[in-house]
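The values are calculated or read from the model by the stated rules, or taken from the named source; none is laboratory data. For clarity, every value in this text was computed on a predicted model and none was experimentally measured. All Cβ positions, even for glycine, are placed from backbone atoms using ideal geometry, and neighbour counts span all protein chains on display.
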Amino acid sequence: MAEENKLQKGSLGLWYVVFFVVAAASPLTGVVGALPVAFMAGNGAGVAGTFIVAGALLLIFSFGLVAMSRYVVNAGAFYSYIVQGLGVTCGLAGFNVALLAYAAMQLSCSAMFGFFTEQFVTRHLGISLPWWGYAALMQLLVIALGIAKVEIGGKVLGILMLLEIAIVLLIDLVFMTRPVSWEFSSFQPSTVLNGNFGIAMVFAICSFIGFEATAIYAEECREPKKIVAKATFTAVILITVFYALTAWVFVQYTGANNIVAEAAKDPGVYVYNVAEQLLGGWAVDLISVLLITSLFAATQAFHNSLSRYLFTISRDGLLWSKLAKTHATYKTPYIASIAQGIFMIAALVVFGLLQLDPMINIFAWASVLGSMAILVLQIGVSFAVIKYFQQHKDLPVSIWSRLIAPIISALGMLLMLYVVIGNLEMLSGSSSPVVLFLPWLLLACMLIGMITARVLKHINPQKYANVADIVTHS
(Lines give C-alpha, C1' and ligand atoms only; values in the text may rest on other atoms or scores of the structure.)
Protein backbone atom coordinates (compact mmCIF):
# COMPACT_ATOMS: atom_id res chain seq x y z
CA MET A 1 0.00 0.00 0.00
CA ALA A 2 1.43 3.40 -0.99
CA GLU A 3 2.50 5.73 1.82
CA GLU A 4 0.04 8.36 0.62
CA ASN A 5 -2.78 5.86 1.26
CA LYS A 6 -1.88 5.17 4.89
CA LEU A 7 -3.31 6.74 8.02
CA GLN A 8 -1.01 7.81 10.86
CA LYS A 9 -0.43 4.66 12.88
CA GLY A 10 0.08 4.93 16.62
CA SER A 11 -1.31 8.45 16.86
CA LEU A 12 -4.30 7.74 19.14
CA GLY A 13 -4.47 6.43 22.67
CA LEU A 14 -7.46 5.15 24.62
CA TRP A 15 -8.92 8.46 25.77
CA TYR A 16 -8.62 10.16 22.39
CA VAL A 17 -10.82 7.42 20.92
CA VAL A 18 -13.26 7.65 23.84
CA PHE A 19 -13.49 11.42 23.31
CA PHE A 20 -14.38 10.96 19.64
CA VAL A 21 -17.04 8.40 20.52
CA VAL A 22 -18.70 10.22 23.42
CA ALA A 23 -18.59 13.50 21.48
CA ALA A 24 -20.60 11.84 18.68
CA ALA A 25 -23.18 10.79 21.27
CA SER A 26 -23.51 14.52 22.12
CA PRO A 27 -24.48 14.03 25.79
CA LEU A 28 -25.79 17.56 26.41
CA THR A 29 -27.91 17.48 23.26
CA GLY A 30 -29.37 14.18 24.40
CA VAL A 31 -30.19 15.54 27.85
CA VAL A 32 -31.71 18.81 26.62
CA GLY A 33 -33.47 17.49 23.53
CA ALA A 34 -34.20 13.78 23.87
CA LEU A 35 -34.59 13.16 27.59
CA PRO A 36 -37.74 15.29 28.15
CA VAL A 37 -39.42 13.74 25.10
CA ALA A 38 -38.52 10.26 26.38
CA PHE A 39 -40.15 11.15 29.72
CA MET A 40 -43.22 12.50 27.97
CA ALA A 41 -43.75 9.97 25.17
CA GLY A 42 -42.00 6.96 26.67
CA ASN A 43 -42.28 5.40 30.11
CA GLY A 44 -41.97 8.42 32.39
CA ALA A 45 -40.00 7.64 35.54
CA GLY A 46 -38.81 4.40 33.94
CA VAL A 47 -36.56 6.24 31.49
CA ALA A 48 -33.62 6.01 33.89
CA GLY A 49 -33.91 2.23 34.02
CA THR A 50 -34.42 2.12 30.27
CA PHE A 51 -30.93 3.55 29.77
CA ILE A 52 -29.58 0.64 31.81
CA VAL A 53 -31.40 -1.79 29.51
CA ALA A 54 -30.16 0.05 26.39
CA GLY A 55 -26.62 0.12 27.72
CA ALA A 56 -26.80 -3.61 28.45
CA LEU A 57 -27.98 -4.35 24.89
CA LEU A 58 -25.14 -2.29 23.41
CA LEU A 59 -22.62 -3.93 25.74
CA ILE A 60 -23.83 -7.30 24.46
CA PHE A 61 -23.44 -6.03 20.89
CA SER A 62 -19.94 -4.81 21.76
CA PHE A 63 -18.69 -8.30 22.59
CA GLY A 64 -19.07 -9.41 18.96
CA LEU A 65 -17.80 -6.07 17.66
CA VAL A 66 -14.69 -6.22 19.83
CA ALA A 67 -14.03 -9.88 19.00
CA MET A 68 -14.05 -9.11 15.29
CA SER A 69 -11.97 -5.94 15.74
CA ARG A 70 -9.04 -8.12 16.83
CA TYR A 71 -8.92 -9.72 13.39
CA VAL A 72 -10.20 -6.97 11.10
CA VAL A 73 -8.18 -3.82 11.75
CA ASN A 74 -9.57 -1.38 9.21
CA ALA A 75 -10.83 2.20 9.11
CA GLY A 76 -13.91 0.97 7.28
CA ALA A 77 -15.18 -0.60 10.51
CA PHE A 78 -18.78 -1.74 9.94
CA TYR A 79 -18.34 -1.84 6.15
CA SER A 80 -15.21 -3.94 6.52
CA TYR A 81 -16.80 -6.26 9.06
CA ILE A 82 -19.83 -6.89 6.87
CA VAL A 83 -17.58 -7.58 3.85
CA GLN A 84 -15.59 -10.12 5.85
CA GLY A 85 -18.62 -11.80 7.38
CA LEU A 86 -21.38 -11.57 4.78
CA GLY A 87 -19.47 -10.89 1.56
CA VAL A 88 -18.82 -7.99 -0.77
CA THR A 89 -22.43 -7.66 -1.91
CA CYS A 90 -23.73 -7.10 1.64
CA GLY A 91 -20.60 -5.08 2.40
CA LEU A 92 -21.33 -2.52 -0.31
CA ALA A 93 -24.93 -2.34 0.88
CA GLY A 94 -23.52 -1.69 4.35
CA PHE A 95 -21.21 0.98 3.00
CA ASN A 96 -24.12 2.82 1.39
CA VAL A 97 -26.03 2.62 4.66
CA ALA A 98 -22.99 3.93 6.59
CA LEU A 99 -22.59 6.78 4.12
CA LEU A 100 -26.26 7.64 4.53
CA ALA A 101 -26.10 7.33 8.32
CA TYR A 102 -23.13 9.61 8.93
CA ALA A 103 -24.21 12.14 6.28
CA ALA A 104 -27.69 12.29 7.84
CA MET A 105 -26.34 12.66 11.37
CA GLN A 106 -24.00 15.42 10.21
CA LEU A 107 -26.85 17.28 8.53
CA SER A 108 -29.08 16.94 11.59
CA CYS A 109 -26.36 18.23 13.94
CA SER A 110 -25.43 21.03 11.53
CA ALA A 111 -29.04 22.19 11.17
CA MET A 112 -29.53 22.14 14.93
CA PHE A 113 -26.24 24.00 15.40
CA GLY A 114 -27.34 26.69 12.94
CA PHE A 115 -30.73 27.05 14.62
CA PHE A 116 -29.42 27.49 18.17
CA THR A 117 -26.48 29.65 17.08
CA GLU A 118 -28.78 31.99 15.17
CA GLN A 119 -31.03 32.32 18.22
CA PHE A 120 -28.14 32.87 20.63
CA VAL A 121 -26.27 35.43 18.50
CA THR A 122 -29.44 37.37 17.66
CA ARG A 123 -30.49 37.50 21.31
CA HIS A 124 -27.13 38.50 22.74
CA LEU A 125 -25.39 40.40 19.93
CA GLY A 126 -28.27 41.60 17.77
CA ILE A 127 -26.60 40.18 14.64
CA SER A 128 -28.98 38.54 12.22
CA LEU A 129 -27.62 35.87 9.87
CA PRO A 130 -29.52 32.88 8.45
CA TRP A 131 -29.15 29.61 10.33
CA TRP A 132 -27.54 27.91 7.33
CA GLY A 133 -24.84 30.58 7.23
CA TYR A 134 -23.71 29.65 10.75
CA ALA A 135 -23.92 25.95 9.89
CA ALA A 136 -21.79 26.44 6.76
CA LEU A 137 -19.17 28.42 8.70
CA MET A 138 -19.08 25.65 11.28
CA GLN A 139 -18.47 23.12 8.50
CA LEU A 140 -15.39 25.06 7.40
CA LEU A 141 -13.94 24.67 10.89
CA VAL A 142 -14.92 20.98 10.88
CA ILE A 143 -13.05 20.48 7.59
CA ALA A 144 -9.96 22.22 8.99
CA LEU A 145 -9.93 19.96 12.07
CA GLY A 146 -10.62 16.95 9.86
CA ILE A 147 -7.44 17.72 7.92
CA ALA A 148 -5.31 18.51 10.98
CA LYS A 149 -3.55 15.84 13.01
CA VAL A 150 -6.21 13.51 14.34
CA GLU A 151 -5.05 13.96 17.93
CA ILE A 152 -5.65 17.72 17.66
CA GLY A 153 -9.29 17.03 16.89
CA GLY A 154 -9.32 14.59 19.79
CA LYS A 155 -8.10 17.28 22.19
CA VAL A 156 -10.67 19.79 20.98
CA LEU A 157 -13.51 17.28 21.24
CA GLY A 158 -12.23 16.13 24.62
CA ILE A 159 -12.36 19.64 26.06
CA LEU A 160 -15.82 20.35 24.65
CA MET A 161 -17.12 16.96 25.81
CA LEU A 162 -15.82 17.44 29.35
CA LEU A 163 -17.46 20.88 29.56
CA GLU A 164 -20.88 19.67 28.42
CA ILE A 165 -20.76 16.67 30.73
CA ALA A 166 -19.56 18.85 33.62
CA ILE A 167 -22.57 21.19 33.53
CA VAL A 168 -25.00 18.24 33.57
CA LEU A 169 -23.11 16.50 36.37
CA LEU A 170 -23.10 19.77 38.31
CA ILE A 171 -26.91 19.78 38.15
CA ASP A 172 -26.88 16.17 39.35
CA LEU A 173 -24.41 16.90 42.15
CA VAL A 174 -26.19 20.01 43.45
CA PHE A 175 -29.45 18.12 43.71
CA MET A 176 -27.85 15.07 45.30
CA THR A 177 -26.31 17.20 48.07
CA ARG A 178 -29.79 18.26 49.15
CA PRO A 179 -31.44 16.47 52.06
CA VAL A 180 -34.05 14.46 50.19
CA SER A 181 -35.58 11.03 50.50
CA TRP A 182 -34.20 8.86 47.71
CA GLU A 183 -36.40 6.36 45.93
CA PHE A 184 -35.38 3.91 43.24
CA SER A 185 -38.62 2.99 41.52
CA SER A 186 -37.11 4.18 38.21
CA PHE A 187 -35.06 1.00 38.10
CA GLN A 188 -37.83 -1.44 39.01
CA PRO A 189 -38.98 -3.67 36.12
CA SER A 190 -42.62 -2.71 36.69
CA THR A 191 -41.74 0.98 36.17
CA VAL A 192 -39.33 0.44 33.30
CA LEU A 193 -41.82 -1.71 31.38
CA ASN A 194 -44.68 0.68 32.08
CA GLY A 195 -46.06 3.01 29.40
CA ASN A 196 -44.35 3.12 26.01
CA PHE A 197 -41.19 1.22 26.89
CA GLY A 198 -40.38 0.67 23.21
CA ILE A 199 -40.42 4.40 22.48
CA ALA A 200 -38.23 5.15 25.49
CA MET A 201 -35.86 2.37 24.42
CA VAL A 202 -35.51 3.90 20.96
CA PHE A 203 -34.57 7.27 22.46
CA ALA A 204 -32.10 5.56 24.76
CA ILE A 205 -30.48 3.49 21.99
CA CYS A 206 -30.21 6.55 19.75
CA SER A 207 -28.44 8.43 22.55
CA PHE A 208 -25.49 6.05 22.04
CA ILE A 209 -25.15 6.72 18.32
CA GLY A 210 -21.50 7.06 17.37
CA PHE A 211 -20.07 4.64 19.95
CA GLU A 212 -19.27 2.17 17.17
CA ALA A 213 -16.66 4.64 15.88
CA THR A 214 -14.06 3.02 18.15
CA ALA A 215 -13.38 0.52 15.36
CA ILE A 216 -13.10 3.28 12.74
CA TYR A 217 -9.94 4.56 14.43
CA ALA A 218 -8.35 1.10 14.66
CA GLU A 219 -5.67 1.85 12.05
CA GLU A 220 -4.62 4.98 13.96
CA CYS A 221 -4.51 3.46 17.46
CA ARG A 222 -1.27 2.64 19.24
CA GLU A 223 -2.43 -0.87 20.15
CA PRO A 224 -5.63 -1.35 18.13
CA LYS A 225 -6.45 -4.82 19.40
CA LYS A 226 -6.41 -3.57 22.98
CA ILE A 227 -7.57 0.03 22.61
CA VAL A 228 -10.62 -0.69 20.43
CA ALA A 229 -11.90 -3.15 23.04
CA LYS A 230 -11.20 -0.88 26.01
CA ALA A 231 -12.57 2.22 24.28
CA THR A 232 -15.77 0.45 23.20
CA PHE A 233 -16.65 -0.88 26.63
CA THR A 234 -15.51 2.32 28.36
CA ALA A 235 -17.63 4.51 26.09
CA VAL A 236 -20.77 2.38 26.48
CA ILE A 237 -20.44 2.24 30.27
CA LEU A 238 -19.74 6.00 30.59
CA ILE A 239 -22.71 6.93 28.39
CA THR A 240 -24.99 4.51 30.24
CA VAL A 241 -24.06 5.81 33.70
CA PHE A 242 -24.27 9.44 32.58
CA TYR A 243 -27.78 9.18 31.12
CA ALA A 244 -29.19 6.81 33.75
CA LEU A 245 -27.91 8.99 36.61
CA THR A 246 -29.15 12.21 35.02
CA ALA A 247 -32.58 10.81 34.18
CA TRP A 248 -32.89 9.47 37.73
CA VAL A 249 -31.94 12.86 39.24
CA PHE A 250 -34.58 14.62 37.12
CA VAL A 251 -37.17 12.08 38.25
CA GLN A 252 -36.14 12.64 41.88
CA TYR A 253 -36.33 16.39 41.48
CA THR A 254 -39.67 16.50 39.67
CA GLY A 255 -41.27 13.44 41.26
CA ALA A 256 -42.00 10.07 39.70
CA ASN A 257 -45.71 10.86 39.51
CA ASN A 258 -45.17 14.33 38.02
CA ILE A 259 -42.34 13.81 35.54
CA VAL A 260 -44.55 13.08 32.52
CA ALA A 261 -46.77 16.13 33.04
CA GLU A 262 -43.85 18.48 33.75
CA ALA A 263 -41.85 17.34 30.72
CA ALA A 264 -44.95 17.58 28.52
CA LYS A 265 -45.58 21.24 29.40
CA ASP A 266 -42.69 22.34 27.19
CA PRO A 267 -40.07 19.64 26.50
CA GLY A 268 -37.72 22.18 24.93
CA VAL A 269 -37.24 24.17 28.15
CA TYR A 270 -37.70 21.48 30.81
CA VAL A 271 -33.97 20.96 31.40
CA TYR A 272 -33.32 24.71 31.31
CA ASN A 273 -35.97 25.22 33.98
CA VAL A 274 -34.45 22.56 36.23
CA ALA A 275 -30.96 24.03 35.71
CA GLU A 276 -32.15 27.54 36.56
CA GLN A 277 -33.92 26.38 39.71
CA LEU A 278 -30.92 24.37 40.93
CA LEU A 279 -27.98 26.47 39.73
CA GLY A 280 -29.33 29.92 38.90
CA GLY A 281 -29.91 31.99 35.77
CA TRP A 282 -26.26 31.83 34.70
CA ALA A 283 -26.65 28.11 33.99
CA VAL A 284 -29.24 28.76 31.27
CA ASP A 285 -26.84 30.88 29.19
CA LEU A 286 -23.97 28.47 29.82
CA ILE A 287 -26.04 25.48 28.72
CA SER A 288 -27.07 27.41 25.60
CA VAL A 289 -23.41 27.94 24.69
CA LEU A 290 -22.39 24.38 25.56
CA LEU A 291 -25.31 23.00 23.55
CA ILE A 292 -23.87 24.79 20.52
CA THR A 293 -20.36 23.47 21.16
CA SER A 294 -21.81 20.01 21.81
CA LEU A 295 -23.40 20.01 18.37
CA PHE A 296 -20.12 21.16 16.84
CA ALA A 297 -18.29 18.31 18.59
CA ALA A 298 -20.84 15.77 17.37
CA THR A 299 -20.58 17.09 13.81
CA GLN A 300 -16.78 16.81 13.98
CA ALA A 301 -16.98 13.23 15.21
CA PHE A 302 -19.41 12.18 12.45
CA HIS A 303 -17.26 14.03 9.88
CA ASN A 304 -14.20 12.05 10.97
CA SER A 305 -16.11 8.77 10.75
CA LEU A 306 -17.45 9.52 7.28
CA SER A 307 -14.00 10.61 6.05
CA ARG A 308 -12.56 7.27 7.06
CA TYR A 309 -15.37 5.34 5.39
CA LEU A 310 -14.75 7.27 2.15
CA PHE A 311 -11.01 6.73 2.54
CA THR A 312 -11.43 2.98 2.98
CA ILE A 313 -13.86 2.37 0.13
CA SER A 314 -11.63 4.43 -2.18
CA ARG A 315 -8.53 2.56 -1.05
CA ASP A 316 -10.39 -0.64 -1.95
CA GLY A 317 -10.72 0.76 -5.48
CA LEU A 318 -14.49 1.35 -5.45
CA LEU A 319 -14.62 5.16 -5.44
CA TRP A 320 -12.55 8.04 -6.77
CA SER A 321 -8.97 7.06 -5.90
CA LYS A 322 -8.02 10.57 -4.74
CA LEU A 323 -10.29 10.12 -1.70
CA ALA A 324 -7.83 7.51 -0.45
CA LYS A 325 -4.93 10.00 -0.32
CA THR A 326 -3.71 11.05 3.11
CA HIS A 327 -2.10 14.36 4.03
CA ALA A 328 1.68 14.34 3.55
CA THR A 329 2.28 15.69 7.06
CA TYR A 330 -0.76 14.79 9.15
CA LYS A 331 -1.62 11.43 7.53
CA THR A 332 -5.33 12.23 7.67
CA PRO A 333 -7.77 11.51 4.79
CA TYR A 334 -7.81 15.19 3.85
CA ILE A 335 -9.37 14.93 0.39
CA ALA A 336 -12.21 12.86 1.83
CA SER A 337 -12.66 15.57 4.47
CA ILE A 338 -12.73 18.35 1.89
CA ALA A 339 -15.06 16.47 -0.47
CA GLN A 340 -17.67 15.64 2.13
CA GLY A 341 -17.36 19.12 3.66
CA ILE A 342 -18.15 20.72 0.30
CA PHE A 343 -21.15 18.42 -0.06
CA MET A 344 -22.41 19.33 3.43
CA ILE A 345 -22.04 23.06 2.83
CA ALA A 346 -23.81 22.82 -0.53
CA ALA A 347 -26.66 20.81 1.03
CA LEU A 348 -27.07 23.31 3.86
CA VAL A 349 -27.14 26.26 1.46
CA VAL A 350 -29.70 24.53 -0.79
CA PHE A 351 -31.89 23.65 2.20
CA GLY A 352 -31.63 27.22 3.39
CA LEU A 353 -32.57 28.68 0.01
CA LEU A 354 -35.51 26.27 -0.13
CA GLN A 355 -36.54 27.76 3.24
CA LEU A 356 -36.71 24.41 4.99
CA ASP A 357 -37.02 24.74 8.75
CA PRO A 358 -33.76 23.57 10.40
CA MET A 359 -35.60 21.78 13.23
CA ILE A 360 -39.03 20.80 11.90
CA ASN A 361 -37.71 19.62 8.54
CA ILE A 362 -33.97 18.95 8.36
CA PHE A 363 -33.23 17.82 11.92
CA ALA A 364 -36.43 15.80 12.18
CA TRP A 365 -35.92 13.97 8.89
CA ALA A 366 -32.15 13.49 9.07
CA SER A 367 -31.98 12.33 12.69
CA VAL A 368 -34.63 9.64 12.16
CA LEU A 369 -32.96 8.52 8.92
CA GLY A 370 -29.55 8.39 10.59
CA SER A 371 -30.92 6.43 13.55
CA MET A 372 -32.53 3.82 11.30
CA ALA A 373 -29.36 3.51 9.24
CA ILE A 374 -27.18 2.96 12.32
CA LEU A 375 -29.57 0.27 13.58
CA VAL A 376 -29.39 -1.47 10.19
CA LEU A 377 -25.59 -1.36 10.35
CA GLN A 378 -25.57 -2.83 13.85
CA ILE A 379 -27.90 -5.62 12.75
CA GLY A 380 -25.65 -6.29 9.75
CA VAL A 381 -22.52 -6.41 11.91
CA SER A 382 -24.18 -8.79 14.39
CA PHE A 383 -24.91 -11.27 11.60
CA ALA A 384 -21.46 -10.66 10.10
CA VAL A 385 -19.78 -11.59 13.39
CA ILE A 386 -21.69 -14.88 13.52
CA LYS A 387 -20.83 -15.75 9.91
CA TYR A 388 -17.18 -14.65 10.18
CA PHE A 389 -16.43 -16.84 13.17
CA GLN A 390 -18.29 -19.76 11.60
CA GLN A 391 -15.84 -19.41 8.72
CA HIS A 392 -12.85 -19.07 11.09
CA LYS A 393 -13.56 -21.66 13.77
CA ASP A 394 -9.86 -21.89 14.58
CA LEU A 395 -9.79 -18.36 16.06
CA PRO A 396 -9.74 -18.31 19.89
CA VAL A 397 -13.07 -16.57 20.53
CA SER A 398 -15.62 -17.66 23.14
CA ILE A 399 -19.04 -18.95 22.11
CA TRP A 400 -20.54 -15.94 23.92
CA SER A 401 -18.71 -13.41 21.71
CA ARG A 402 -18.90 -15.38 18.47
CA LEU A 403 -22.54 -16.53 18.66
CA ILE A 404 -24.73 -15.85 21.70
CA ALA A 405 -24.07 -12.11 22.09
CA PRO A 406 -24.46 -11.36 18.35
CA ILE A 407 -27.77 -13.27 18.22
CA ILE A 408 -29.15 -11.33 21.22
CA SER A 409 -27.98 -7.98 19.81
CA ALA A 410 -29.35 -8.71 16.34
CA LEU A 411 -32.78 -9.57 17.74
CA GLY A 412 -32.73 -6.51 20.00
CA MET A 413 -31.74 -4.15 17.19
CA LEU A 414 -34.33 -5.66 14.84
CA LEU A 415 -37.00 -4.99 17.45
CA MET A 416 -35.79 -1.39 17.85
CA LEU A 417 -35.84 -0.87 14.07
CA TYR A 418 -39.41 -2.19 13.96
CA VAL A 419 -40.45 0.26 16.69
CA VAL A 420 -38.77 3.17 14.89
CA ILE A 421 -40.46 2.43 11.56
CA GLY A 422 -43.81 2.00 13.30
CA ASN A 423 -43.52 5.36 15.10
CA LEU A 424 -41.81 7.59 12.53
CA GLU A 425 -44.15 10.56 12.90
CA MET A 426 -43.97 10.62 16.69
CA LEU A 427 -40.19 10.12 16.84
CA SER A 428 -39.48 12.81 14.23
CA GLY A 429 -42.16 15.21 15.43
CA SER A 430 -43.15 15.60 11.80
CA SER A 431 -46.15 14.41 9.78
CA SER A 432 -44.52 15.22 6.44
CA PRO A 433 -44.81 12.57 3.71
CA VAL A 434 -41.01 12.77 3.54
CA VAL A 435 -40.80 11.01 6.91
CA LEU A 436 -42.83 8.04 5.67
CA PHE A 437 -40.56 7.83 2.61
CA LEU A 438 -37.35 7.53 4.67
CA PRO A 439 -37.42 3.73 5.22
CA TRP A 440 -37.78 3.29 1.45
CA LEU A 441 -34.80 5.59 0.89
CA LEU A 442 -32.79 3.42 3.27
CA LEU A 443 -33.89 0.28 1.44
CA ALA A 444 -33.02 1.87 -1.92
CA CYS A 445 -29.49 2.64 -0.71
CA MET A 446 -29.03 -0.97 0.33
CA LEU A 447 -30.30 -2.28 -3.01
CA ILE A 448 -28.08 0.12 -4.96
CA GLY A 449 -25.07 -1.19 -3.03
CA MET A 450 -26.00 -4.79 -3.77
CA ILE A 451 -26.61 -4.11 -7.45
CA THR A 452 -23.29 -2.25 -7.69
CA ALA A 453 -21.52 -5.25 -6.19
CA ARG A 454 -23.11 -7.69 -8.65
CA VAL A 455 -22.23 -5.44 -11.61
CA LEU A 456 -18.65 -5.13 -10.33
CA LYS A 457 -18.35 -8.91 -10.00
CA HIS A 458 -19.50 -9.26 -13.61
CA ILE A 459 -17.32 -6.58 -15.22
CA ASN A 460 -14.25 -6.72 -12.96
CA PRO A 461 -14.12 -9.98 -10.97
CA GLN A 462 -10.52 -9.34 -9.88
CA LYS A 463 -11.40 -6.03 -8.20
CA TYR A 464 -14.44 -7.66 -6.64
CA ALA A 465 -12.22 -10.39 -5.20
CA ASN A 466 -9.67 -7.87 -3.96
CA VAL A 467 -12.26 -6.01 -1.88
CA ALA A 468 -12.46 -8.93 0.54
CA ASP A 469 -8.67 -8.94 1.04
CA ILE A 470 -8.64 -6.48 3.94
CA VAL A 471 -8.13 -8.66 6.99
CA THR A 472 -5.28 -8.20 9.44
CA HIS A 473 -4.74 -11.28 11.60
CA SER A 474 -2.88 -11.32 14.86
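Inspect segment 132-141 for any residue being over 23 Å from residue 301 (Cα atoms) and of a type outside the set (Gly, Ala, Ser) and give the result as yes or no.
No, segment 132-141 contains no residue that is over 23 Å from residue 301 (Cα atoms) and of a type outside the set (Gly, Ala, Ser).
Could you count how many residues in segment 311-328 are part of a helix (DSSP H, G or I) and touching a residue at least 40 places away in the same chain (Cβ under 8 Å)?
5
Working only within segment 87-123, note down all residues that are modelled with pLDDT of 90 or more, more than 28 Å from residue 318 (Cα to Cα) and not polar (S, T, N, Q).
Those that are modelled with pLDDT of 90 or more, more than 28 Å from residue 318 (Cα to Cα) and not polar (S, T, N, Q): 109, 111, 112, 113, 114, 115, 116, 118, 120, 121.
Looking at 396, 439, which one is over 30 Å from residue 317 (Cβ atoms), not aromatic (Phe, Trp, Tyr) and not in a helix (DSSP H, G or I)?
Just a single option satisfies the conditions, and that option is 396.
Go through 246, 234, 299, 329 for me and flag whichever is at pLDDT below 85 and either among the hydroxyl-bearing types (Ser, Thr, Tyr) or touching a Cys at 6+ places or on another chain (Cβ under 6 Å) (or both).
Going through 246, 234, 299, 329 in turn, just one is at pLDDT below 85 and either among the hydroxyl-bearing types (Ser, Thr, Tyr) or touching a Cys at 6+ places or on another chain (Cβ under 6 Å) (or both): 329.
I'd like the full set of residues that are in contact (Cβ under 8 Å) with a residue 24 or more places away in the chain and not in a helix (DSSP H, G or I), limited to segment 330-375.
Those that are in contact (Cβ under 8 Å) with a residue 24 or more places away in the chain and not in a helix (DSSP H, G or I): 330, 331, 332, 333.
Determine whether residue 72 is buried (at least 24 other Cβ atoms within 10 Å of the Cβ) and among the aliphatic types (A, V, I, L, M).
So residue 72 fails the test.
Rundown of residues vs (1) part of a loop (DSSP other than H, G, I, E, B); (2) in contact (Cβ under 8 Å) with a residue 40 or more places away in the chain; (3) loosely packed, with under 14 Cβ neighbours inside 10 Å; (4) not basic (Lys, Arg), yes/no style:
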residue: 402; (1), (2), (3), (4): no, yes, no, no
residue: 410; (1), (2), (3), (4): no, no, no, yes
residue: 420; (1), (2), (3), (4): no, yes, no, yes
residue: 446; (1), (2), (3), (4): no, yes, no, yes
residue: 463; (1), (2), (3), (4): no, yes, no, no
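Can you tell me which residue in segment 164-205 is surrounded by the most Cβ atoms within 10 Å (Cβ to Cβ), limited to those that are under 27 Å from residue 276 (Cβ atoms) and in contact with a Ser or Thr (Cβ under 7 Å, 6 or more places away or on another chain)?
204
Residues that are closer than 30 Å to residue 17 by Cβ: which helices (runs of 4 or more DSSP H) entirely in segment 214-293 hold 3 or more of them?
Because the criterion is at least 3 residues that are closer than 30 Å to residue 17 by Cβ, the helices (runs of 4 or more DSSP H) in segment 214-293 that meet it are 224-254.
Among the candidates 37, 53, single out the residue that is closer than 22 Å to residue 110 by Cβ, in contact (Cβ under 8 Å) with a residue 40 or more places away in the chain and surrounded by fewer than 23 Cβ atoms within 10 Å (Cβ to Cβ).
37
Working only within segment 41-76, note down all residues that are within 30 Å of residue 199 (Cβ to Cβ), among the hydroxyl-bearing types (Ser, Thr, Tyr) and over 18 Å from the mean Cα position of the chain (by Cα).
50
Which condition number does residue 53 fail, the rest of (1) at pLDDT below 95; (2) out of contact with any Phe, Trp or Tyr (no Cβ under 8 Å at 6 or more places or on another chain) being met?
If we test residue 53 against (1) at pLDDT below 95; (2) out of contact with any Phe, Trp or Tyr (no Cβ under 8 Å at 6 or more places or on another chain), just (1) comes out false.
Do we find that residue 200 is within 21 Å of residue 414 (Cβ to Cβ) and touching a residue at least 12 places away in the same chain (Cβ under 8 Å) in this structure?
For residue 200, the condition - within 21 Å of residue 414 (Cβ to Cβ) and touching a residue at least 12 places away in the same chain (Cβ under 8 Å) - is met.
For segment 187-213, what are the residues that are within 18 Å of residue 235 (Cα to Cα) and part of a loop (DSSP other than H, G, I, E, B)?
Passing the criteria: 207, 208, 209, 210.
Can you go through 321, 367, 398, 337 and tell me which one is over 30 Å from residue 117 (Cα atoms) and either modelled with pLDDT of 95 or more or buried (at least 18 other Cβ atoms within 10 Å of the Cβ) (or both)?
The match here is 398.
Condition first: touching a Leu at 6+ places or on another chain (Cβ under 8 Å) and either farther than 30 Å from residue 323 by Cα or part of a helix (DSSP H, G or I) (or both). Now tell me which residues in segment 49-78 satisfy that.
78
Do we find that residue 330 is over 22 Å from the mean Cα position of the chain (by Cα), under 20 Å from residue 158 (Cβ atoms) and either surrounded by 24 or more Cβ atoms within 10 Å (Cβ to Cβ) or hydroxyl-bearing (Ser, Thr, Tyr) (or both) in this structure?
So residue 330 fits the description; yes.
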